[in-house]
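Right, one structure below, let's go through it.
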Amino acid sequence: MSKNLKAVIMAGGEGARLRPITASRPKPLTPICNRPIMEHILLLLKRQGIDTVVATVHYLAEAIEGYFGDGSEWEMNLYYSHEDTPLGTAGSVKKAEDYLSEGTFVIVSGDALTDIDLQPALDFHRQKGALATLILARVQNPLEFGVVITQEDGRILRFLEKPSWSEVFSDTVNTGMYILEPEIFGFMEPNAPYDFSQDLFPLLMREGKALYGYVMNEYWSDVGSLQQYRTAQEDLLQRRVNLDIPGVEQQPGIFVGAGAYLDPAAEIIAPSCIGASSKIKSGAVVGPFAVIGENCIIEENAVVARSILWDSVYIGHASSVQSAIVGSRATIKEAVQIQEDAVVGDRCMIDGDSVIRSRIKLWPDKYIESGSTVNMSLIWGKNWRGSLFRNLSVQGLSNIEITPELATKLGAAYGSSLSRGSIVVTSRDSLKVSRMIKRAFISGLLSTGIEVMDLRSMPLPIVRHAIRTTQAVGGVTVRAAPINAKTTLIEFYDQGGIYLSKNQERKVENLYFREDFVRCDPSEVGTIEFASRAIEQYQSGFLSALKHEQTTKPLRLVADFAYSRVASIYPGMLGQFGHDVISLNAYPDPSKAPHSPADVDVFRTNLQQIVRSLNADCGVLFENEGERLNVVDEKGRLISGYGLLMTYALLVAKSRPGCSIAAPITAPSSLEELLRPYDAHVIRTKTDARSLMTIAAERADNVALVGDMEGGLLFPEFQPSFDAMFAFARLLEMAQKAELKLSQVYDQVPPSYVASRAIRCPWELKGRIMRVLTEDASREARVELIDGIKIHHDEAWALVLPDSAEPVFHLHVEGPTQKDAEILLNQYAERIEAIR
């Protein structure tokens, strides 16, 4: 092929029929097997000896220029012809006449996929002495194309653009690829609109010019619909198209990009294409005919089949994507179903347990609530949940939903809610992603003139204590969710170390969504001070609050720190009381810490075995960055949940008769019976941690203990927040003062027969269910409305609690026996289903 041959790539199309995937990118940049269509075409031209190309651009031209630049990355010379106003297919080429006036040139489409060999077409063109040669293809359905009839020698007799079936006279269509001589420019006026098929070619025919058609035999698809887009991917994967697929063919039909990780327990079914730096985790099934973009994450037990994922897509645990298209940076959370022919636009977020029905299209930036079933396409509006805070924190998937960008903006919103010059305490856990998010958050704070006291990686009780005992107006900690290390929490505390009130949360939310940020003068940007004495101050307060004296009989204790920062602080504090502490997992390592209920069970079982084997007096497992604990008595029995709460309550009541103890409404009714001999009063509260801590702060004078059902315990005399370090030391103190072994205390705790279940329910039905249950129960039983609706029966009760952040009801029951509790649980579950 002549080295002087140049090419024009028509790259001005919008790709309207491919929306929503082309809503924010031009069609030439839509990827086929992880490579934009136009890049496939450029590489095809280069392979055939063409190194000078002019691209005509109009729609989102800056995106095309930004991706390809001057073409040097592909060792080509790439120029651009801009249409300020649409000039038509021929008019845009006329504008590039200065680049093309030296000889024969080729026009190809930048948004159609082909592997054409241009040399035979060029030989045909020159043999016929043609002024213009149209490259034709035969298709099954010619309705969307220009239909062409030629003579035996290839001269064009007739053509018609996009006929109806009654007008179809051939299956041979115009591909939009042409070989032209520069003399053709003489038939067009500068800056005037011309279309090849409707204007220029009819003119050439009328004037009897040499207009020919060459029928190609290679692959060609104009990728004119979403179905054709998916088919083109499958054709390339099956090697029906002679174009390269990015990556290395590790196994027949399986192409893998650089840096991608395929877990040995993942199943990759050929043909499939995995983009660079993507991660396919254990139990996932990918393929057949799956195209996974770059930097994607496919979680455990997820399925992606006959589907295309663009770059940076997240597919959550046990989700299923079948014969669908998912745009870039979309987040598909756990147990989501995306059904056949569905399309999810860029940056959409689909929350857990949702279903996207077949043929549904979600335009970019849509949010689908957890548990939703989407059966109509969403084009306008974001459908955003309207709430930034969920379950006392801003939370989301690490570096996917909770990103540095979000954190910086959130820091600016929080800083804007405070007075300039205020001090905010910041901290994090030991994870690298938490450090990254915290630093981004601090940047937002500093931009509003807030002073930062940074504790770096620190147990939560020490963080809350530092807030209370300094001049800080609040604090923020960034950490992984206790039972899901892939989720990042950003938690906010007020000046007492307690979670922000709902009003304070709404204030931050409003500033965040309005982007109404305070920007201080550069000279007033805040500073960062690293708090050096926070641990010392905590230890001093800790020791002052305990009445524990040096024991004559030191205890042998086993402390499992679960690879948390508590290990570097706590053993020495217990040692001051003369105890012999055997430390387990006593260094920070987030990768080894428990991140699921099953992980916690393993740690608990191990602790029980070690306590028994060492004949220790007691064992403790710290969880949740030092906020919660499990205890093992000297017999190796695990004390957790309601048993732990009641053990503590009994010891507190023995040591402080007549005191008040606060517990959530879900705690067993046997708690009151247990404490009655000591005249202790039980205050029932809402189940969330904020309510429990608020009670502790507001009633510190007469509330001796506040606890929940998950190992959270706090003593208001020290600080009104959960503190497993202080709680364990107080447990030892109270047991020794009562001259009781831990097993002797636990033996006094009566059995409680409780059961619980989460029941999914659409958001729109929650109110109706609560109304019907309240109306029915009010006629039959005693009802409490402290949190949800608690219905009392003879020797039993049931609590129906709607979740504030998920489409779920939490059902808790207690009965005189475990069997009675299970029967009652099933009755209320069936009642809720019947109301639905």
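The values are calculated or read from the model by the stated rules, or taken from the named source; none is laboratory data. Values in this document were obtained by computation on a predicted structure and should not be read as measured data. All Cβ positions, glycine included, derive from the backbone under ideal geometry; neighbour counts span all protein chains shown. Note: areas computed on protein heavy atoms with side chains; ligands, DNA, RNA excluded. Shrake-Rupley method; radii C 1.70, N 1.55, O 1.52, S 1.80 Å.
Based on this model, can you work out whether residue 582 counts as touching a residue at least 60 places away in the same chain (Cβ under 8 Å) and touching a helix residue (DSSP H, G or I) at 6+ places or on another chain (Cβ under 8 Å)?
Working: touching a residue at least 60 places away in the same chain (Cβ under 8 Å): no; touching a helix residue (DSSP H, G or I) at 6+ places or on another chain (Cβ under 8 Å): yes.
Against the criterion (touching a residue at least 60 places away in the same chain (Cβ under 8 Å) and touching a helix residue (DSSP H, G or I) at 6+ places or on another chain (Cβ under 8 Å)), residue 582 does not qualify.
Only one entry in 418, 431 is assigned by the TED database to the domain that holds residue 524, touching a strand residue (DSSP E or B) at 6+ places or on another chain (Cβ under 9 Å), of a type in the set (A, V, I, L, M) and open to solvent by 40 Å² or more (accessible area, probe 1.4 Å), namely 418. Taking region 627-681 as the range and being among the acidic types (Asp, Glu) and either closer than 18 Å to residue 735 by Cα or assigned to a helix (DSSP H, G or I) (or both) as the test, the residues that pass are 633, 634, 672, 673.
State the number of residues belonging to region 774-809 that are assigned to a strand (DSSP E or B) and of a type in the set (D, E, K, R).
First, pick out the residues of region 774-809 that are assigned to a strand (DSSP E or B): 782-784, 789-793, 796-802, 808-809.
Keeping just the survivors that are of a type in the set (D, E, K, R) gives 782, 784, 790.
Residues flagged as assigned to a strand (DSSP E or B) and of a type in the set (D, E, K, R) within region 774-809 amount to 3.
Tell me, please, whether a residue that is among the small types (Gly, Ala, Ser) and modelled with pLDDT under 90 can be found in region 822-833. No.
In region 52-121, counting only strands (runs of 3 or more DSSP E) that sit wholly within it, the ones holding 1 or more residues that are over 28 Å from residue 245 (Cβ atoms) and either assigned by the TED database to the domain that holds residue 145 or among the polar types (S, T, N, Q) (or both) span 77-82, 105-109.
When residue 57 is tested against the conditions (1) open to solvent by 70 Å² or more (accessible area, probe 1.4 Å); (2) modelled with pLDDT under 90, the lone failure is (1).
If the requirement is being more than 24 Å from residue 726 (Cβ to Cβ), open to solvent by 30 Å² or more (accessible area, probe 1.4 Å) and either polar (S, T, N, Q) or free of Cβ contacts under 8 Å to residues at least 12 places away in the same chain (or both), which of these qualifies: 525, 602? It would help to see each step written out before you state the result.
Working: 525 fails: either polar (S, T, N, Q) or free of Cβ contacts under 8 Å to residues at least 12 places away in the same chain (or both).
Of the residues listed, the single one that is more than 24 Å from residue 726 (Cβ to Cβ), open to solvent by 30 Å² or more (accessible area, probe 1.4 Å) and either polar (S, T, N, Q) or free of Cβ contacts under 8 Å to residues at least 12 places away in the same chain (or both) is 602.
Residues in region 1-41 that are open to solvent by less than 20 Å² (accessible area, probe 1.4 Å) and assigned to a loop (DSSP other than H, G, I, E, B): 5, 15, 20, 21, 22, 26, 30, 32, 33.
Residues in region 664-713 that are closer than 21 Å to residue 810 by Cβ and in contact with a Gly (Cβ under 6 Å, 6 or more places away or on another chain): 709 alone. Applying the criterion of being in contact (Cβ under 8 Å) with a residue 24 or more places away in the chain and open to solvent by 40 Å² or more (accessible area, probe 1.4 Å) to the residues of region 196-214, the residue that is farthest from residue 15 (Cα to Cα) is 209.
Take residue 766 and decide whether it is open to solvent by less than 30 Å² (accessible area, probe 1.4 Å), charged (D, E, K, R) and touching a residue at least 40 places away in the same chain (Cβ under 8 Å).
On the way: open to solvent by less than 30 Å² (accessible area, probe 1.4 Å): yes; charged (D, E, K, R): yes; touching a residue at least 40 places away in the same chain (Cβ under 8 Å): yes.
Judged against the criteria, residue 766 is a match.
Just one residue in the set 64, 135 is within 40 Å of the chain's Cα centre (by Cα), surrounded by 22 or more Cβ atoms within 10 Å (Cβ to Cβ) and of a type outside the set (S, T, N, Q); that residue is 64.
For region 504-542, name all the residues that are assigned to a helix (DSSP H, G or I) and over 35 Å from the mean Cα position of the chain (by Cα). Don't jump to the end; show me each part of the working.
First pass over region 504-542, keeping only residues assigned to a helix (DSSP H, G or I): 504-514, 522-524, 534-542.
Once the filter is applied, which keeps residues that are assigned to a helix (DSSP H, G or I) and over 35 Å from the mean Cα position of the chain (by Cα), region 504-542 yields 523, 524, 536, 537, 538, 539, 540, 541, 542.
The set of residues in region 568-626 being part of a strand (DSSP E or B) and among the acidic types (Asp, Glu) consists of 580, 623.
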